1. Which number in (1) part of a loop (DSSP other than H, G, I, E, B); (2) in the same structural domain as residue 206 (by TED's automatic domain parsing); (3) over 30 Å from residue 252 (Cβ atoms) marks the one condition that residue 157 misses?
2. Filter segment 58-72 down to residues that are surrounded by fewer than 19 Cβ atoms within 10 Å (Cβ to Cβ) and at pLDDT 85 or above and give me whichever is nearest to the chain's Cα centre (by Cα).
3. Looking at the structure I just gave you, is residue 264 farther than 17 Å from residue 166 by Cβ, touching a helix residue (DSSP H, G or I) at 6+ places or on another chain (Cβ under 6 Å) and not in a helix (DSSP H, G or I)?
4. Those residues that are in contact (Cβ under 8 Å) with a residue 40 or more places away in the chain, buried (at least 17 other Cβ atoms within 10 Å of the Cβ) and closer than 19 Å to residue 19 by Cα, I need them from segment 73-96; list them, please.
5. Looking only at residues in segment 212-246 that are modelled with pLDDT of 80 or more and either outside the structural domain of residue 182 (by TED's automatic domain parsing) or more than 17 Å from residue 289 (Cα to Cα) (or both), which one is farthest from the chain's Cα centre (by Cα)?
6. Here is a list: 125, 141, 150. Which entry is in a strand (DSSP E or B) and at pLDDT below 90?
7. Among the listed residues 127, 132, which satisfies the condition of being buried (at least 20 other Cβ atoms within 10 Å of the Cβ) and in contact with a strand residue (DSSP E or B) (Cβ under 6 Å, 6 or more places away or on another chain)?
């Protein structure tokens, strides 16, 4: 990732605190080394000019692998978080509004902006797409106390939301956050136009090759029982939809041509049982089986929480459920 030299040097000045009357503490050589260790890096100041040395280190960090052009390397996100620690407020009180304005004046030159999340930690967001670089998006890591509370709130929301709300409120923001783009929801007003998928989207690899994904969404549990019960869906019900999804072309307006879906996500707001996965795997041929990806409630909840997306509030009691039939 290439940032302008001016931007990198300005952030270096913020780290070492060289700006007079600014909102960042002056850091000597040993404290600069500690700063980078606090950011989970091994960089140690060599005694040279602090601002130039930091700028060189930041450029090395920006050259690290990153998921896409909208997301800077995780190391850079951690450095911004360390720089903007609310406990390090200088010449102002927390929240660090002055420091945030100073940082954003530089970041917006590159199409990014910094903001404080619900956990009082600072994150970087791409202005155009809203993609957030959290610095740690591993959904399998231990969750903090606040993240555990947010997880419980999200589980509660999934228990009472409709399938359309699962798509629009949870999945669309999540996939945008993860770097997918051109995300299009088919909706449920005209099911004849879905061709077996509720969402299609694409993902650009670092090599600039593009992969296309179709998503079939079910609100509740996905199992392999012979009869569908309540909100539970039988995996046999989506078999034809998955086959249709993989075999039907979609139109990409950015390329002005029709393309096939490379992979199919089967997403469930509840559990996807092992028996359901095995049944579908045995039903599909070897080629199509490698194209299927599963995502159940635990995957959705953990990924949603660690990417620092805002958890939606539960609907008030008595509000309509759009999955219910319309009374006449």
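The values are calculated or read from the model by the stated rules, or taken from the named source; none is laboratory data. Everything quoted here is computed from the prediction, not taken from an experiment. Note that we place each Cβ from the backbone using ideal geometry, even for glycine, and neighbour counts take in every protein chain shown.
1. Residue 157 satisfies every listed condition except (1).
2. Among those that are surrounded by fewer than 19 Cβ atoms within 10 Å (Cβ to Cβ) and at pLDDT 85 or above, it is 62.
3. On the way: farther than 17 Å from residue 166 by Cβ: yes; touching a helix residue (DSSP H, G or I) at 6+ places or on another chain (Cβ under 6 Å): yes; not in a helix (DSSP H, G or I): yes.
Yes: the conditions hold for residue 264.
4. Result: 79, 80, 82, 83, 89, 96.
5. 223
6. Details: 141 fails: in a strand (DSSP E or B); 150 fails: in a strand (DSSP E or B).
Going through 125, 141, 150 in turn, the sole match is 125.
7. 132
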